[in-house]
1. Where in the stretch 231-346 are there helices (runs of 4 or more DSSP H), lying fully within it, with 3 or more residues that are under 19 Å from the mean Cα position of the chain (by Cα)?
2. Go through the stretch 369-413 and count every residue that is in a loop (DSSP other than H, G, I, E, B) and of a type in the set (S, T, N, Q).
3. What is the number of the single condition among (1) open to solvent by 10 Å² or more (accessible area, probe 1.4 Å); (2) at pLDDT below 85; (3) among the small types (Gly, Ala, Ser) that Gly134 does not meet?
4. So the check is Cβ under 9 Å with 6+ separation or different chains; which pairs have a first residue in the stretch 249-268 that's over 17 Å from Pro208 (Cβ atoms) and modelled with pLDDT under 85 and a second one that's of a type in the set (Phe, Trp, Tyr) and loosely packed, with under 11 Cβ neighbours inside 10 Å?
5. Could you grab the pairs with beta carbons closer than 8 Å, sequence gap of 6+ or different chains, first residue in the stretch 162-184 and in contact (Cβ under 8 Å) with a residue 60 or more places away in the chain, second one in a loop (DSSP other than H, G, I, E, B) and of a type in the set (D, E, K, R)?
6. Is it true that some residue in the stretch 281-293 is surrounded by 20 or more Cβ atoms within 10 Å (Cβ to Cβ) and among the aromatic types (Phe, Trp, Tyr)?
7. Identify all residues within the stretch 347-368 that are part of a helix (DSSP H, G or I) and within 23 Å of the chain's Cα centre (by Cα); write none if there are none.
Amino acid sequence: MTVESTLETVCRMESARIIATVARIVRDVGIAEEIAQDALVSALEQWPRSGVPERPGAWLTATAKHRAVDLVRRRETYARKLAEVGRTLTEESYDPEPSGPGDIDDDVLRLVFTTCHPVLSADARTALTLRLVGGLRTDEIARAFLVPEATVAARITRAKRTLAKAGVEFEVPYGEERAARLGSVLEVVYLIFNEGYAATAGDDLLRPGLCEDALRLARGLAALMPGEGEVHGLAALLELQASRTAARTGRDGQPVLLADQNRSRWNRLLVRRGFAALQRAGDGRSYGPYALQAAIAACHARAASYEETDWATIAALYGRLGTLAPSPVVELNRAVAVSMTEGPAAALPLVDALAAEPALAGYHLLPSVRGDLLARLGRAAEARAEFERAASLTRNARERDLLLGRARATSTQ
């Protein structure tokens, strides 16, 4: 592995932690990102000569911290700031790295709450958090939200300026202020996980590092706010979804559909963690949107096989979810569950009714689901056309191959 590829990998894994550590010192997320980038440049200059350090993430963190302290020294407020960050920051020591997937870096949690500050618009909060915490590039965020890359770049730049101008504290807030930011924080953690679980673009279906980051954040939030049902609901959802990761791709990296997955490869530890978190989410009658989605995932986890899945309960849960958080995507998923309980003929009108939804105009799963229903109804030519249309809409190479394969398989029926 080259220095460049090693650095890219380390950056993907450690960027949020590095930026968060530096932001604690300089109290400005924009400057923190710039300093983190400077540390990467230093690595590109030094590592080819000196070799890649044994702990590259720690090397980058230490380098960035030293640059941050130098910046603080140059400021007029040096004495006050140095007292806040502590004398040990001037020493050449590395921060301990998390010892396991359940650990949470407090600085990263602070970073999430800072980037989700209500002084920012919802779009700006999401874009900035995905950039700094999720480590997504601007073009990846743009593809995920179907907006121009220039729009995302402008949102991120304005967001960093707004936080600096408002003097937003780098901290985990308390009381009403924490509650006011919680919805945004949960949404962004959910989006980070989703990008890792099903990448919107690229050659790989999965980006496990993002899933692990989101899981750490969800677990940290659950420990921080044990009385918040939806926090536990989100944690349960992510644990249960992550439990299937090993079974979602074959040896060649191609996606494996839920119906074809080897359930013995599902991670039973994560399943148990998911069930436990769902119990902590409260009474089922009071579930919020994340807990309802976790309950749906739990139905899949309890089933010994695809055929034994309790689709009637899943359809009912999607119905409740659609009432609580209306969305055409939820209705599409409900239609799939209906097709499994009442047959494809009952579900097809539900899917056709979604064709005019603007939010689904470029959503590849709409024609994919319709193709599946048509194939089950024996309408092979129509099904093939839908699978081909779905393949043309997805930006993920692995999903495209899967959909084109289904189109070919349908044409031979």
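The values are calculated or read from the model by the stated rules, or taken from the named source; none is laboratory data. Model, not experiment: these values are computed from the prediction. For neighbour counting, all protein chains shown are included, and Cβ atoms are generated from backbone atoms with ideal geometry for every residue, glycine included. Side chains are part of the model used for accessible areas, which takes the heavy atoms of the whole protein and leaves out ligands, DNA and RNA. Shrake-Rupley method; radii C 1.70, N 1.55, O 1.52, S 1.80 Å.
1. Where helices (runs of 4 or more DSSP H) fall fully within the stretch 231-346 and carry at least 3 residues being under 19 Å from the mean Cα position of the chain (by Cα), they are 268-280, 289-302.
2. Of the residues in the stretch 369-413, 3 are in a loop (DSSP other than H, G, I, E, B) and of a type in the set (S, T, N, Q).
3. Only one criterion in (1) open to solvent by 10 Å² or more (accessible area, probe 1.4 Å); (2) at pLDDT below 85; (3) among the small types (Gly, Ala, Ser) is unmet by Gly134, namely (1).
4. Filtered contacts from the stretch 249-268: no entries.
5. Leu163/Asp28; Ala164/Asp28; Glu169/Arg27; Phe170/Arg27
6. yes
7. Ala359, Leu360, Leu365, Leu366, Ser368
For every residue, the table says whether it meets (1) assigned to a loop (DSSP other than H, G, I, E, B); (2) at pLDDT below 90; (3) open to solvent by 30 Å² or more (accessible area, probe 1.4 Å); (4) not hydrophobic (A, V, I, L, M, F, W, C).
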| site | (1), (2), (3), (4) |
| --- | --- |
| Thr126 | no, yes, no, yes |
| Ala154 | no, no, yes, no |
| Arg158 | no, no, yes, yes |
| Leu163 | no, no, no, no |
